[in-house]
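Here the structure is laid out as structure tokens; the discussion comes afterwards.
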Amino acid sequence: MRDEWEHAHTDYTVPAQRRSPASLTDSEGDWRDYLDHSTPNGWLIRNSAMTETLVSGKPMHLLHVTRGIDAIRASREIHVSAGCLVGALYCAPLASQREGLRPHNLGAYLMRTKPSTTPLIFEVTPDAPTQPKGIDYLHLGAIHLRYQSYLTPAETDQLDDAVLAGLRAAAAFLDVALRNATGHATPAPDFIDQLSNAVAHVPFLGYLYFEVLSEYLMLHSTTPETKTYAAAGELNNWICKRLAFAAVDGMDKLFDLTRFNPRHHRLIQLIEGLEPDLGPGVAEYVRRRLSHLLARTALDPSQDASAVTFQGADLGTLQKAAPGLIGQMAFREIRYMTRYGQLYHCFEKARALEAWDYWNNEGIPTPFNGVIPKGEIGINPAYPRSAVRVWTAQQDSKGYLHPDEEIAAVLTPHLASWWAPSRQRETHNATDESRVELAPLARPTDPHPTVTRGRGTRMTTKLLNILTGINRTSEPSSGSMILASDLYRAMPDHTTFPGREPVEQAWSAAFDQLIALSTPKRLQGPGFGPYVDELTREVGALIEKTRPDAIHAQYLGFALSLAFARTAGSIPIISIAHGPEVMAAERNERECETLHEVAAASAAIAAPTSALADRIDRLTRRRFTDRLTVIQWGIPLSHVRGRNQPPDGTGPLSLVHAGRLDDNKSTITAIKALSLTEQPHHLTVIGQGTLREHLEQQAIELGLRDRVQFDPFLPRDELWRRLPNFDAFVFTARGLEAFGLVLIEAQAHGLPVAYSDLPGMRETLGSAGIPYTPGDPRSLAVALDEMGRDAHRRKVLAKAALDNARRYDVTTTGRQLRELTLRAAS
């Protein structure tokens with residue numbers, strides 16, 4: 001047991017001593033030598049200010065931020081949490097200077113991004129110089145495997161099935177990575193794209209991918225900011241945080257590295273956006289470094305990496321050959337089991353007890369994150385030979401911290417129960433959950449049913465009973481209605497959907513039960529209050545009858561959501577923002593009050609982009625920031641049949657625009673742009689709406705009768721069949737747009753897009769499109785002519801469109817919404 005913990009720790013002040021699998025092209029020592037001596041900031045690996053303080057044996061000052069200061073004062077105890085530091089209190093160093101205690105740049109980040117927390121100053125006085133051994137959570141896989149004896153036979157089968165399914169889906173990439181680690185190079189772009197695809201099946205790869213990129217950025221960056229931190233003996237954490245937030249929407253709300261999977265073109269964009277000089281070398285670095293680290297963290301040291309294959313291997317064979325990887329996968333799957341809460345101490349506390357014992361015997365009162373010594377450091381709560389004092393902190397105008405009130409509290413070897421919902425943790429546990437690991441979602445499981453829904457995803461799970469609905473006719477008449485059908489087909493749960501008649505049977509097949517609302521619908525106005533009261537009574541009876549586990553309130557702030565909010569009682573509500581309700585709330589005070597009421601009743605609020613989440617946050621005066629999360633929308637990519645050939649040639653373009661013909665969609669911008677283009681492009685407008693006749697008349701008056709064609713609203717199958725026949729898609733919304741699903745549909749069929757540069761659209765599209773000024777026909781005309789003249793650019797945009805669309809599968813949307821629901825329902 002001690003050998004496994006020794007294997008999971010790294011001391012960067014001495015040569016590498018860990019055993020590694022045979023046949024690796026580079027040894028751990030080779031990589032250590034390269035990182036130490038061939039990167040601009042490599043000297044900080046051995047000689048950071050944190051390391052120097054540890055080995056000095058002097059008192060160490062550390063910063064911890066908490067939301068639980070009242071609980072700490074009341075209980076006089078400080079609890080720790082599991083995560084990348086296993087069972088240590090998560091902190092960042094403080095440098096003692098004449099002006100006060102200066103936070104490490106990681107600590108400055110924590111204070112700036114967690115303004116609702118209370119900063120605490122800890123003073124740890126060790127009994128002797130501390131061994132600078134850091135715990136490397138990437139090497140904990142074999143330790144994670146030890147606790148499966150607590151599972152029932154059915155749970156063991158469920159775990160084995162889940163792990164094996166992930167391994168089989170990612171086996172081809174895992175074998176490619178091992179070949180690269182043993183000297184058989186794959187082109188870096190192909191390697192990165194295969195890695196991106198594999199993360200969904202083996203989430204541990206998302207952690208590995210991010211840590212490799214963090215290492216690359218911290219050690220190679222030469223920006224003035226990085227140099228300033230280096231002069232203080234610190235690696236730059238900010239650049240890594242910016243990477244994570246740019247790569248994954250909502251990462252600032254929930255730091256979940258299982259979603260970190262940028263493809264090659266996106267990776268280059270991200271790195272060049274952070275530091276242009278680092279873009280050219282990043283893909284090759286990831287290929288070499290991640291392959292090497294995967295072999296070392298996944299395989300048993302006794303193995304020959306060149307002889308291991310994942311394809312076709314059974315689970316028993318892989319447990320012997322790759323215990324590190326199997327353990328990491330099992331570790332994440334176990335935390336989604338129904339009984340995880342009951343068995344929490346069998347897993348997390350048992351692991352922490354072993355870590356505390358190892359640290360005590362090694363003389364480590366303050367273990368740090370040993371993936372790389374970037375400033376994540378903890379306090380061992382069970383260390384018997386150090387003195388620990390704690391104060392609340394006051395920050396002065398220059399950013400220095402000063403001890404304020406000494407807290408009469410004891411750091412205890414007690415783990416916070418981190419399976420509980422976040423607000424419950426704040427109430428009952430005096431700790432803050434700052435760590436690399438994602439707080440687990442209490443995913444209900446059942447050993448019996450095997451469910452296939454959507455794209456045939458096999459699940460062994462206890463199904464939720466979800467009540468949702470949209471107060472419209474039950475047919476695919478808008479993007480939101482189409483999304484609802486796709487989304488609940490992709491989720492395995494039992495769904496009851498109240499809507500309006502008439503009902504289209506094919507669309508309604510996505511739901512287990514569709515109930516026609518009988519309360520006559522009314523809009524905001526004198527009769528709206530009585531209408532909501534009557535609708536609330538109808539919804540209350542429906543809730544009493546269906547007894548849902550959770551409610552999904554579509555359109556945060558419209559009447560049906562308000563009825564849900566007033567009748568849900570203890571049933572958790574997940575509100576799902578669509579955009580129109582936010583625009584209505586921005587225009588009308590009563591609509592805003594309705595949105596506030598629904599938000600207040602919600603356990604969580606999901607928005608498809610951070611831009612929409614920010615608008616909701618502003619509307620609700622920042623009262624519900626902790627409830628907001630970003631879940632990107634998607635389409636059923638498995639149904640897409642794209643064009644066989646990319647666009648070719650120059651000349652006039654065949655353009656298509658699809659959507660509601662109303663003022664916000666601003667189709668008139670596209671029509672007017674055609675009158676200003678140098679080339680005689682042709683535009684097909686597909687859709688219905690109040691402005692249809694006006695738009696037709698405008699086209700005639702502008703002399704575009706032969707260049708603008710109007711077609712009625714098309715069912716999606718027919719729209720998708722026609723999309724590959726066009727050269728490009730034109731998106732013209734000029735106000736709020738929630739996500740732009742039709743853009744993803746167009747991109748999935750290989751169409752370059754010209755889009756109005758609205759907040760959220762650049763977030764959805766990245767660089768995979770041509771932006772123009774919203775509502776400006778001349779700006780759009782210039783963009784269309786440039787696209788028509790440059791065939792090469794159109795080919796590049798078509799490929800970028802396909803790559804971007806692959807990010808947005810509705811099965812991912814369904815999985816993330818289900819996980820959010822499970823967390824709320826727990």
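Here are a few things to note about the model shown:
- The set of residues in region 739-786 being under 15 Å from Thr669 (Cβ atoms), among the aliphatic types (A, V, I, L, M) and modelled with pLDDT under 90 consists of Leu758, Met761.
- Those residues of region 583-632 which are of a type in the set (S, T, N, Q) and assigned to a loop (DSSP other than H, G, I, E, B), in sequence order: Asn588, Ser602, Thr609, Thr620, Gln632
To keep it simple, each residue is scored yes or no on (1) more than 34 Å from the chain's Cα centre (by Cα); (2) closer than 19 Å to His79 by Cβ; (3) surrounded by 14 or more Cβ atoms within 10 Å (Cβ to Cβ).
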site: Pro367; (1), (2), (3): no, yes, yes
site: Ile372; (1), (2), (3): no, no, yes
site: Ile377; (1), (2), (3): no, yes, yes
site: Pro381; (1), (2), (3): no, yes, yes
site: Arg385; (1), (2), (3): yes, no, no
site: Val388; (1), (2), (3): yes, yes, yes
site: Thr392; (1), (2), (3): no, yes, yes
site: Leu401; (1), (2), (3): no, no, yes
site: Ala408; (1), (2), (3): yes, yes, no
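- Per this entry, Lys672 is not counted among residues that are in a loop (DSSP other than H, G, I, E, B) and either more than 24 Å from His578 (Cα to Cα) or not aromatic (Phe, Trp, Tyr) (or both).
- Test: Lys227 is closer than 28 Å to Thr53 by Cα, free of Cβ contacts under 8 Å to residues at least 60 places away in the same chain and of a type in the set (D, E, K, R): yes
- The residue that is surrounded by the most Cβ atoms within 10 Å (Cβ to Cβ), among those in region 768-806 that are in contact with a Leu (Cβ under 9 Å, 6 or more places away or on another chain) and assigned to a loop (DSSP other than H, G, I, E, B), is Gly769.
- Filter result (under 13 Å from Glu211 (Cα atoms), of a type outside the set (Val, Ile, Thr) and not in a loop (DSSP other than H, G, I, E, B)) within region 236-258: Cys240, Lys241, Leu243, Ala244, Leu257
- Boolean, Leu44 is assigned to a loop (DSSP other than H, G, I, E, B) and either among the aliphatic types (A, V, I, L, M) or in contact with a His (Cβ under 6 Å, 6 or more places away or on another chain) (or both): no
- Residues satisfying the stated conditions in region 230-265, i.e. modelled with pLDDT of 90 or more, buried (at least 20 other Cβ atoms within 10 Å of the Cβ) and charged (D, E, K, R): Glu234
- Test: residue in region 514-522 that is within 34 Å of the chain's Cα centre (by Cα) and surrounded by 21 or more Cβ atoms within 10 Å (Cβ to Cβ): no
- Looking only at residues of region 71-106 that are in a helix (DSSP H, G or I) and at pLDDT 95 or above, we find that the one that is nearest to the chain's Cα centre (by Cα) is Leu106.
- Count of residues meeting criterion [under 9 Å from Ile671 (Cα atoms) and acidic (Asp, Glu)] in region 696-715: 0
- The number of residues in region 319-328 being surrounded by fewer than 22 Cβ atoms within 10 Å (Cβ to Cβ) and either outside the structural domain of Leu167 (by TED's automatic domain parsing) or closer than 21 Å to His184 by Cβ (or both) comes to 0.
- Residue check, Glu678 in contact with a helix residue (DSSP H, G or I) (Cβ under 6 Å, 6 or more places away or on another chain), in contact (Cβ under 8 Å) with a residue 12 or more places away in the chain, not assigned by TED's automatic domain parsing to the domain that holds Leu560 and not hydrophobic (A, V, I, L, M, F, W, C): yes
- The residues of region 338-352 that are in contact (Cβ under 8 Å) with a residue 24 or more places away in the chain and either assigned by TED's automatic domain parsing to the domain that holds His201 or surrounded by fewer than 23 Cβ atoms within 10 Å (Cβ to Cβ) (or both), listed by number, are Thr338, Arg339, Tyr340, Gly341, Leu343, Tyr344, His345, Cys346, Phe347, Lys349, Ala350, Arg351.
- Selected residue [at pLDDT 90 or above, surrounded by fewer than 18 Cβ atoms within 10 Å (Cβ to Cβ) and more than 19 Å from Leu736 (Cα to Cα)] from Ala541, Ala559: Ala541
The values are calculated or read from the model by the stated rules, or taken from the named source; none is laboratory data. Bear in mind that the values here come from a model prediction, so they are computed numbers and not experimental data. Because the Cβ atoms are built from the backbone with ideal geometry, glycine has one as well, and the counts that use them run over all protein chains shown.
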